[in-house]
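Novice: Can you read through this structure? Questions will come right after.
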Amino acid sequence: MSTVQLRTPIPGPRSQALMKRRNAAVVQAAYHATPIFVSKAEGAVVEDVDGNRLIDFAGGIGCLNTGHRAPAVIEAVRRQLDRFLHTSFNVLPYESYVAVCEKLNAIAPGKGPKKTLLVNSGAEATENAVKIARAYTRRPAIIAFEDAFHGRTYMAMAMTSKTHPYKAGFEPFPTEVYRIPYAYCYRCSYSLKYPSCEVFCAKHLEDAFKRVVAAETVAAVIVEPILGEGGFVTPPPEFFPTLTAICRKHGILVIADEVQTGFARTGAMFACERLGLEPDLVTMAKSLTGGLPMAAVTGRADIMDVSGPGQLGGTFGGNPAACEAALAVLETIEKENLCARANVLGERFRKRAAKWQSQWELVGDVRGLGAMQALELVRSKATRQPADEETKQVTQYCYEHGLVIMNAGSYGNVIRLLMPLVVTDAQMEEAMDVLEAALANAAEKKGTLTAQLT
Ligand SMILES: Cc1ncc(COP(=O)(O)O)c(C=O)c1O
């Protein structure tokens with residue numbers, strides 16, 4: 001029996017009624033990718049308020065690698081609810097905060113003894129990583145990348161690249177953020193080709209020190225091992241070793257933003273492990289807790305400890321229920337071998353996607369690591385003109401047919417997979433069938449659409 005069960009057209013009447021209330025009461029800037037209101041969820045399946053069952057390939061934007069309501073997470077949070085819900089670690093500390101930090105210190109990428117700070121969101125983690133890097137180096141500048149996403153608070157927004165909808169209208173931004181191109185081989189900023197380029201983009205950092213910002217003023221380079229919101233762009237193997245060697249030479253710290261890539265998504269606990277990236281600091285959030293808000297900065301102990309008592313943290317950072325959830329998530333990833341599962345899911349997708357790429361002009365690039373996979377859609381393989389409208393059509397077709405899926409990319413033309421890694425083989429195939437039908441539908445319409453838009 002299929003997992004997807006649609007009792008009403010999507011969105012159903014209850015979702016539509018709630019959308020009316022939402023439009024009257026909630027700011028329009030709090031965007032949502034579908035018009036579907038959820039009623040419950042389990043594993044990789046969500047049920048909406050009209051009784052429709054859909055497969056979830058968005059996972060709350062990559063927060064549910066262990067699935068909706070992972071049993072161990074629910075059990076751990078329940079136990080905590082019976083003990084206490086909040087004291088603030090700043091006032092009355094508790095063991096679970098310490099245990100999460102011990103665990104992250106042991107597993108996070110990077111060499112040597114480590115220490116950890118817990119906060120509430122990915123943006124707060126990237127903000128704090130910058131505070132820590134500046135305090136340690138006593139240097140002001142931060143280098144970020146084109147197509148990067150680091151959050152919506154002011155410093156995080158300054159480090160984020162995409163203008164609409166993330167930055168436009170919110171100027172001015174904090175200063176001392178400089179930007180260089182990422183290793184986006186499909187759209188190389190230097191019009192070079194890998195491997196003959198010899199990762200010129202990484203080597204070009206030395207040039208930036210002459211023409212953009214003096215190396216001795218740079219505290220850190222912040223980088224996503226694989227671009228998340230930027231479209232799952234996956235750098236070639238030489239990129240990070242080359243980049244980090246240049247940073248080390250100049251005493252510049254490397255911050256790996258693993259908010260979206262972390263916790264088994266890429267087939268390893270952290271994407272850094274797969275890409276030869278050895279950071280000084282790592283930011284983590286999303287799938288750390290299986291659905292509760294918590295984030296972390298883990299890094300070299302000597303760097304992390306440069307700030308004094310009270311200089312970092314906040315009222316809610318490392319909430320007790322979130323800490324218990326994180327401990328359960330980390331155990332579940334190991335016990336259920338979710339890194340290996342991510343690789344299996346990624347391979348299944350790649351097989352189907354290779355067929356789509358040879359079949360349709362629309363599918364320009366297929367990329368990713370483990371279960372962090374994406375399709376970049378284009379109007380023509382020759383011109384690589386971004387197929388943003390077609391991408392919207394694909395995501396809409398998908399949710400109307402029972403698959404929740406998200407787009408990404410600076411041009412809004414990337415379809416990305418963020419499914420729970422506990423998705424069954426049958427659900428995975430069913431989801432791929434819906435995606436295939438959505439692509440076929442968009443590819444068929446493409447002729448007329450291209451004519452309308454040009
Ligand atoms: C790489 C990366 N960093 C930071 C953030 C910001 O996280 P949050 O939305 O929890 O503030 C995100 C969110 O998508 C992200 O993907």
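Novice: Just name the residue that is farthest from the ligand (Cβ to nearest atom) out of those in segment 181-198 that are at negative phi and small (Gly, Ala, Ser).
Specialist: SER196
Novice: Considering every residue within segment 264-275, establish whether at least one is among the charged types (D, E, K, R), within 16 Å of the ligand (Cβ to nearest atom) and open to solvent by less than 10 Å² (accessible area, probe 1.4 Å).
Specialist: Checked segment 264-275: at least one residue is among the charged types (D, E, K, R), within 16 Å of the ligand (Cβ to nearest atom) and open to solvent by less than 10 Å² (accessible area, probe 1.4 Å).
Novice: Select from segment 155-180 the residues that are open to solvent by less than 20 Å² (accessible area, probe 1.4 Å) and more than 15 Å from the ligand (Cβ to nearest atom) and list them in ascending order.
Specialist: Result: ILE180, single match.
Novice: Failed condition for SER88, given (1) within 29 Å of GLU273 (Cβ to Cβ); (2) open to solvent by less than 20 Å² (accessible area, probe 1.4 Å), with all others met?
Specialist: Failed condition: (1).
Novice: I've got another one for you. If you check every pair at least six apart or on different chains, which have Cβ atoms under 6 Å apart with a residue in segment 378-398 that is closer than 19 Å to ALA33 by Cα first and a residue that is open to solvent by 50 Å² or more (accessible area, probe 1.4 Å) second?
Specialist: From segment 378-398, the pairs are ASP388/TYR411; THR391/ASN407; THR395/ASN407.
Novice: To continue, here is another question. Sort out which residues of segment 384-414 are out of contact with any Asp or Glu (no Cβ under 8 Å at 6 or more places or on another chain), farther than 22 Å from SER15 by Cβ and open to solvent by less than 20 Å² (accessible area, probe 1.4 Å), and write them in order of number.
Specialist: Within segment 384-414, ALA387, GLU390, THR391 meet the criteria.
Novice: Can you pull out every residue in segment 280-298 that is out of contact with any Leu (no Cβ under 6 Å at 6 or more places or on another chain), open to solvent by less than 10 Å² (accessible area, probe 1.4 Å), away from the ligand (no atom under 12 Å from the Cβ) and over 14 Å from HIS150 (Cβ atoms)?
Specialist: Across segment 280-298, there are no qualifying residues.
Novice: Sticking with this structure for a sec: Let me spell it out: the conditions are (1) under 24 Å from MET284 (Cα atoms); (2) at pLDDT 95 or above, and ARG83 meets all of them except one. Which number is the exception?
Specialist: For ARG83, the exception is condition (1).
Novice: For segment 120-136, indicate whether the set of residues that are touching a residue at least 60 places away in the same chain (Cβ under 8 Å), more than 16 Å from THR298 (Cβ to Cβ), away from the ligand (no atom under 14 Å from the Cβ) and not aliphatic (A, V, I, L, M) is non-empty.
Specialist: Looking for residues that are touching a residue at least 60 places away in the same chain (Cβ under 8 Å), more than 16 Å from THR298 (Cβ to Cβ), away from the ligand (no atom under 14 Å from the Cβ) and not aliphatic (A, V, I, L, M), one finds at least one in segment 120-136, hence yes.
Novice: Okay, moving on. Among the residues of segment 208-226, which ones are away from the ligand (no atom under 16 Å from the Cβ), of a type outside the set (D, E, K, R) and out of contact with any His (no Cβ under 6 Å at 6 or more places or on another chain)?
Specialist: Step one: of segment 208-226, the residues away from the ligand (no atom under 16 Å from the Cβ) are 208-219.
Now drop any that are not of a type outside the set (D, E, K, R), which leaves 208-209, 212-215, 217-219.
Residues satisfying the conditions are ALA208, PHE209, VAL212, VAL213, ALA214, THR217, VAL218, ALA219.
Novice: State the number of residues belonging to segment 314-343 that are outside any helix (DSSP H, G or I), open to solvent by 40 Å² or more (accessible area, probe 1.4 Å) and not acidic (Asp, Glu).
Specialist: The total comes to 3.
Novice: Which one of these is under 29 Å from GLU331 (Cβ atoms), more than 16 Å from the ligand (Cβ to nearest atom) and of a type in the set (Asp, Glu): ASP48, ASP82? Walk me through how you get there before you give the answer.
Specialist: Details: ASP48 fails: under 29 Å from GLU331 (Cβ atoms).
None of the other options fit; the residue is ASP82.
Novice: Could you list all residues from segment 48-85 that are free of Cβ contacts under 8 Å to residues at least 40 places away in the same chain and open to solvent by less than 30 Å² (accessible area, probe 1.4 Å)?
Specialist: Across segment 48-85, the qualifying residue is only ASP48.
Novice: For segment 227-253, what are the residues that are under 18 Å from ARG179 (Cβ atoms), within 15 Å of the ligand (Cβ to nearest atom) and either without any contact (Cβ under 8 Å) to a residue 12 or more places away in the chain or of a type outside the set (Asp, Glu) (or both)?
Specialist: Scanning segment 227-253 gives LEU227, GLY228, GLY230, GLY231, VAL233, PRO235.
Novice: Every residue in segment 10-42 that is open to solvent by less than 70 Å² (accessible area, probe 1.4 Å) and among the charged types (D, E, K, R), please.
Specialist: Result: ARG22, single match.
The values are calculated or read from the model by the stated rules, or taken from the named source; none is laboratory data. Predicted model, so just to flag it, every value in this text is computed and none were measured. Glycine gets a Cβ as well: all are built from the backbone with ideal geometry, and neighbour counts include every protein chain shown. What goes into the accessible areas is simple: the full protein's heavy atoms, side chains included, and nothing from ligands, DNA or RNA. Shrake-Rupley method; radii C 1.70, N 1.55, O 1.52, S 1.80 Å.
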